[in-house]
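Let me begin by presenting the structure, written as structure tokens, before commenting on it.
The values are calculated or read from the model by the stated rules, or taken from the named source; none is laboratory data. Please read all numbers here as calculations on a predicted model, not as lab measurements. Cβ coordinates were reconstructed from backbone atoms using ideal geometry, including for glycine residues, and neighbour counts include every protein chain displayed. For accessibility, only protein heavy atoms count, side chains too; no ligands or nucleic acids. Shrake-Rupley method; radii C 1.70, N 1.55, O 1.52, S 1.80 Å.
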Amino acid sequence: MHLPSAVAALEALLQGILIGGLYAVTALGLSLVLGVLRIINLVHGELLILGAFLGYEWLEWTGIDPLVGLLVVVPCVAAFGFVLQRYLLSPLLSFGDEAPLLTTFGLSIIAQNIFILIFTGNSRLIERSYGVSGITLGPVTLSDIYLISFVIAVVLIGGVHLLVTRTSFGRQVRASAEDPVAAGIVGVNVQWIFAVTFALAAGCTAVGGVLAGTAFSFDPTSGTGYLLTGFAIVIIGGLGSIGGTLVGGVLVGVVESLGALMFGEGYLDFIGLVVLLVFLALRPQGLFGMTRR
């Protein structure tokens, strides 16, 4: 352990805040599925990597920026998510929590092997100039992709929050999450709401996949790391709290960035795990989650 200089600490703090936005985007879909459908979605990481691979292939085939390609990538992954939930996961919900959990675990393994067959096991990176460049503010240099990701995180999470809290669709989502039977009695098509919510979550995950694939290299098995980070963010922010996802992501980003500066990059996963365990011990409902009785 070594004490960093004030400039290095400031840069690590700001980079941590910005990368926290990227983390939040990658975890938003997981937060929606956990908060609304009460499904522990173990295939979340593979949906994210699917978005990264599609963004990579989009750039290779068209030469058009992958951020523009989100207009195609997001609907494709969202449509896959809709079909996955509506016709595979939805029939399993009446059998308890274990059936969807084991199914998504199996899908995760299958998806990783399919990725290897289609894309090979080689690492890839969505190569863009803003993925490696930075902006200098005095003595501090901030990564462009982290800045872009943070802005997208604020807009996307804010938009989803407004959708869930201020629209008729959002009221149906909250009613279905609170009491699916009662919601069905008053005319809500609960199965359709769940499928659309899963599709929305998958689309948000695809955005995170393209951003993560531009910031970091990825391969068919990279989704596992994002899944674990996503669980930490959702638990810290609070189950069912969309705004808490952004706060949780920023907190994880800052802790990891400062921890890496003080202890080295090799301790990133260890530091994130310690923070998660502390929250589970002291405040298991997270920063903005409700205490369950």
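Computed quantities for the displayed model
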| quantity | calculated |
| --- | --- |
| Residue-level accessible surface for Arg128, protein heavy atoms, 1.4 Å, Å² | 80 Å² |
| Between 0 and 90°, nearest 10: helix 268-282 axis offset from the chain longest Cα axis | 50 degrees |
| Label-point gap, in nm, between Leu277 and Glu60 - each point 7 angstrom along Cα→Cβ | 4.1 nm |
| Which of Arg166, Arg283, Arg124 is most accessible, then next, and so on - probe 1.4 Å | Arg166, Arg283, Arg124 |
| Pairs of alpha carbons in the chain whose separation is greater than 35 Å (percent) | 17 percent |
| Hydrodynamic radius of segment 142-280 per Kirkwood, over alpha carbon pairs, in Å | 16.8 Å |
| Förster-model FRET efficiency, 35 Å R0, Ile40 and Leu147, C-beta, rounded to 0.05 | 0.60 |
| Gyration tensor verdict on segment 49-185 (Cα atoms; rounded if a/c is under 1.5, prolate if a/b is larger than b/c, oblate otherwise) | oblate |
| Extreme residue, positive dipole direction of the chain, given options Leu28, Ile110, Phe216 (C-beta unit charges) | Leu28 |
| Cα shape, segment 206-269, gyration tensor, a/c 1.5 rule | oblate |
| Dipole in debye (nearest 20) - segment 114-190, about Cα centre, beta carbon charges: Lys, Arg +1; Asp, Glu -1 | 100 debye |
| Charge dipole magnitude, Cβ of K and R +1, D and E -1 - the chain, Cα centre, debye nearest 20 | 880 debye |
| Residue (of Ile126, Ser176, Phe80) at the positive-pole extreme of the chain, dipole from beta-carbon charges | Ser176 |
| Theoretical FRET efficiency, 1/(1+(r/R0)^6), r = Cβ-Cβ of Val132 and Ala182, R0 41 Å, to 0.05 | 0.20 |
| Those residues of segment 43-57 whose amide nitrogen sits under 16 Å from the label point placed on Leu228, 7 Å along Cα→Cβ | 43-46 |
| Nearest-20 debye value, segment 54-141 charge dipole, Cβ charges on Lys, Arg, Asp, Glu | 40 debye |
| More than 12 Å apart - percent of Cα-Cα pairs taken over segment 61-116 | 74 percent |
| Full-stretch length increase - Thr167, Val7 - with 0.36 nm per residue and alpha-carbon distance subtracted | 53.1 nm |
| Helix-only CD estimate at 222 nm, as mean residue ellipticity for the chain, using -39500 (n - 2.57) per DSSP H run (n ≥ 4) | -24000 deg cm²/dmol |
